[in-house]
1. Taking the stretch A:171-186 only, how many residues are under 15 Å from residue B:428 (Cβ atoms) and surrounded by fewer than 22 Cβ atoms within 10 Å (Cβ to Cβ)?
2. Taking residue A:184 as meeting all but one of (1) in contact with a strand residue (DSSP E or B) (Cβ under 8 Å, 6 or more places away or on another chain); (2) at pLDDT 95 or above; (3) under 20 Å from residue A:142 (Cβ atoms), write down the number of the exception.
3. On the basis of being out of contact with any strand residue (DSSP E or B) (no Cβ under 9 Å at 6 or more places or on another chain) and farther than 25 Å from residue A:181 by Cα, does residue A:93 make the cut?
4. Please indicate, with yes or no, whether at least one residue in the stretch A:61-77 is facing chain B (nearest Cβ under 10 Å), part of a helix (DSSP H, G or I), at pLDDT 95 or above and surrounded by fewer than 22 Cβ atoms within 10 Å (Cβ to Cβ).
5. Starting from residues that are at positive phi and without any contact (Cβ under 8 Å) to a residue 12 or more places away in the chain, keep the ones in the stretch A:78-104 and report whichever is surrounded by the fewest Cβ atoms within 10 Å (Cβ to Cβ).
6. Kindly state which helices (runs of 4 or more DSSP H) lie completely within the stretch B:41-149 and contain at least 2 residues that are at the interface with chain A (Cβ under 9 Å from one of its Cβ atoms) and modelled with pLDDT of 80 or more.
7. Of the numbered conditions (1) more than 17 Å from the chain's Cα centre (by Cα); (2) without any contact (Cβ under 8 Å) to a residue 60 or more places away in the chain; (3) away from chain B (no Cβ under 14 Å); (4) on the phi > 0 side of the Ramachandran plot, residue A:125 fails exactly one; give the number of that condition.
């Protein structure tokens with residue numbers, strides 16, 4: 001008896017989860033953050049509901065500080081696949097002048113991402129939101145369910161999670177409650193890249209090494225994507241061969257020096273790397289258990 | 001609409017291995033669970049395994065070292081347990097509360113580890129981790145030997161269907177790497193696990209903190225000639241969740257109807273395989289049709305197998321909805337063939353805090369179907385430490401019991417032992433939506449009538465299900481009434497010698513006595529304003 005290779009098993013599991021939500025939720029949405037995990041999630045959703053169109057829209061909570069290449073890629077993807085995309089910006093945050101450079105990563109993430117996401121979910125009445133989060137990314141994510149129940153205020157209660165035996169998801173919820181659903185829970189970074197290679201899934205070019213303008217700040221290489229990133233005294237812009245392992249708001253995402261300009265190169269580099277994927281994400285390092293605290297407040 | 005909408009035919013006669021799909025990665029996936037008592041070193045073992053397998057990165061090691069100095073239980077030395085205890089409460093208390101999933105790989109396969117808590121109050125989290133596991137690693141502290149918890153964990157793991165056990169006898173350094181200690185634990189475990197029916201039990205002496213016998217053999221235990229833990233995990237055969245050699249069955253998850261021209265039934269195949277042209281039966285309706293297309297975004301397929309997510313198009317317009325099961329008749333064991341039932345025997349593991357009582361109503365989710373369910377009888381409870389069957393009125397949290405359930409509408413199911421997809425279910429609280437129990441379909445009892453007659457149904461309603469304690473008690477009352485009426489008739493017949501007279505006296509006794517009893521009881525209540533169910537049940541006196 002042949003056993004299915006693990007990528008096929010992961011794919012089938014994710015498709016099952018996507019379908020289970022569409023069969024049981026009132027108004028689902030896919031949180032599309034443009035990165036590689038979102039690309040894989042979108043690809044799996046297209047497979048799950050083929051030959052039909054996606055039975056839900058995509059939602060991008062735009063902080064206004066994404067790399068320009070990400071926005072270009074997003075709009076091109078939506079056009080190519082004929083998708084429905086909702087872009088939500090927290091206008092209150094914009095009016096209050098919140099930005100990652102002056103306000104700091106913590107306030108910026110809370111207002112523009114967490115509050116923005118909650119606003120959008122409430123505004124459109126979505127009761128199930130797919131996210132591309134994986135359990136191998138961070139310790140508190142490792143303990144989150146695939147169907148993560150959120151209270152009417154979108155809070156996560158890590159101590160009161162429903163058990164998920166087999167593939168039997170308890171999809172019951174009360175009015176006002178909602179689910180965050182993570183079809184990629186059991187995928188690792190290596191699985192995501194192997195699958196992108198196997199399925200030939202387009203991703204944002206920023207993942208591939210290229211000469212780009214960067215500023216070295218506090219040991220991190222920040223790409224100067226536009227003029228909004230002010231230079232501190234003594235700082236200079238240099239052109240270096242870099243790429244990104246994860247993509248977020250550009251002033252909060254560290255680049256790595258790399259020569260990997262192809263998928264094979266990325267996979268080889270990842271296998272040899274001694275640093276974790278989220279090392280470059282400044283938002284994760286706001287104190288111990290900070291992801292857990294953010295999730296409790298409604299961050300996905 | 002994208003290009004993949006256009007149909008293409010991709011012959012796929014071979015098993016869906018990596019080559020057939022053009023995949024680069026042919027590694028298999030093994031899921032396992034680790035369980036043990038508090039302080040057995042479970043989290044340390046996993047943390048160390050991740051480290052040995054190269055899945056811990058430098059920045060994580062740096063964070064670990066600073067966490068170890070602050071929170072560690074190892075006097076400042078690197079505490080591998082902190083790699084996996086993720087929730088703030090866990091790090092503060094130094095225990096594992098929730099099941100955590102961890103990932104690592106070797107050149108041969110990828111692993112998903114469910115690190116589960118040992119505390120009894122978190123049993124449901126352990127059962128969750130076990131539900132998808134191909135194997136279980138049971139931690140035993142060499143100094144303490146087997147504990148009541150070891151027996152409890154073994155029982156739960158067995159109940160959840162795990163068939164391969166690795167007994168990791170940890171902290172061998174603290175018993176001087178003594179072979180005698182290890183052999184005694186190995187033999188004792190083989191003895192206690194005998195009733196649980198595991199397929200394979202392997203014992204390994206380890207020292208998780210120092211890494212002995214994890215990635216490679218240990219020079220400190222030359223007497224151990226077996227495999228180290230990682231090489232052993234590389235060799236364990238993962239079980240396909242849906243058995244390939246069983247009859248085809250697919251619970252319909254979602255009806256894909258994008259326009260008037262296309263109607264497909266999406267689902268993940270639970271067992272067996274299906275080919276284009278196969279005749280299928282829709283359960284529970286029993287309607288037949290055949291497979292016209294097996295649709296995927298990568299093109300139509302000729303066949304598909306257990307565990308694959310597909311969309312099937314039938315040749316005829318038949319009524320199919322979510323919760324129905326598409327099946328193919330085939331010459332397989334009756335126990336593996338899906339059957340339609342509205343009353344089942346089942347084992348439950350209670351996961352909710354409130355005890356479960358006879359008469360309680362729930363929602364049941366089985367496969368993709370959901371309906372109402374009533375607990376009609378509790379037959380017994382398993383003492384999860386002695387594995388003995390004991391009588392029980394209710395099933396409290398963490399209890400394992402044998403029950404009878406009645407569904408509001410018939411469900412398509414199989415025995416859990418034959419297939420977990422159509423044999424495992426959950427019971428959901430109607431008010432709180434909490435998951436109250438995990439359930440396992442047991443074989444139909446041998447005495448059960450193939451189809452319930454209206455009379456049997458009436459008897460079941462009045463007296464409780466066949467074989468239940470409730471039915472026995474009520475039957476005793478009824479037979480005692482009949483016996484006493486016969487006795488009255490007999491006495492009257494003996495005294496008067498008139499049969500008609502005796503019959504009237506007997507019938508009068510049968511009818512009037514309960515009426516008189518009720519009248520008396522009502523008067524008594526009025527006088528004493530107190531009700532005693534026990535006394536009322538003494539009817540027939």
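The values are calculated or read from the model by the stated rules, or taken from the named source; none is laboratory data. Note that the structure is a prediction, hence the values are computed from the model and not measured. Positions of Cβ are generated from backbone atoms using ideal geometry, with glycine treated the same way; all protein chains shown enter the neighbour counts.
1. Initial filter on the stretch A:171-186 (under 15 Å from residue B:428 (Cβ atoms)): A:171-174, A:177, A:179.
Now restrict to residues that are surrounded by fewer than 22 Cβ atoms within 10 Å (Cβ to Cβ): A:171-174, A:177.
Of the residues in that region, 5 qualify.
2. Tallying (1) in contact with a strand residue (DSSP E or B) (Cβ under 8 Å, 6 or more places away or on another chain); (2) at pLDDT 95 or above; (3) under 20 Å from residue A:142 (Cβ atoms), residue A:184 fails exactly one: (1).
3. Details: out of contact with any strand residue (DSSP E or B) (no Cβ under 9 Å at 6 or more places or on another chain): yes; farther than 25 Å from residue A:181 by Cα: yes.
Judged against the criteria, residue A:93 is a match.
4. Within the stretch A:61-77, the first condition is being facing chain B (nearest Cβ under 10 Å), and the residues that meet it are none.
Checked the stretch A:61-77: no residue is facing chain B (nearest Cβ under 10 Å), part of a helix (DSSP H, G or I), at pLDDT 95 or above and surrounded by fewer than 22 Cβ atoms within 10 Å (Cβ to Cβ).
5. Residues of the stretch A:78-104 that are at positive phi, as a first pass: A:82, A:97, A:104.
Okay, now just the ones that are also without any contact (Cβ under 8 Å) to a residue 12 or more places away in the chain, so A:97, A:104.
Details: A:97: 8, A:104: 15.
The qualifying residue surrounded by the fewest Cβ atoms within 10 Å (Cβ to Cβ) is A:97.
6. Working: elements: B:42-52, B:58-71, B:88-93, B:123-131.
Helices (runs of 4 or more DSSP H) meeting the threshold: B:123-131.
7. For residue A:125, the failing item is (2).
Results for (1) modelled with pLDDT under 95; (2) at the interface with chain B (Cβ under 7 Å from one of its Cβ atoms); (3) surrounded by fewer than 21 Cβ atoms within 10 Å (Cβ to Cβ); (4) part of a helix (DSSP H, G or I), shown as yes or no for each residue.
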site	(1), (2), (3), (4)
A:4	yes, yes, no, no
A:9	yes, yes, no, yes
A:14	no, no, no, yes
A:23	no, yes, yes, yes
A:39	no, no, no, yes
A:44	no, no, no, yes
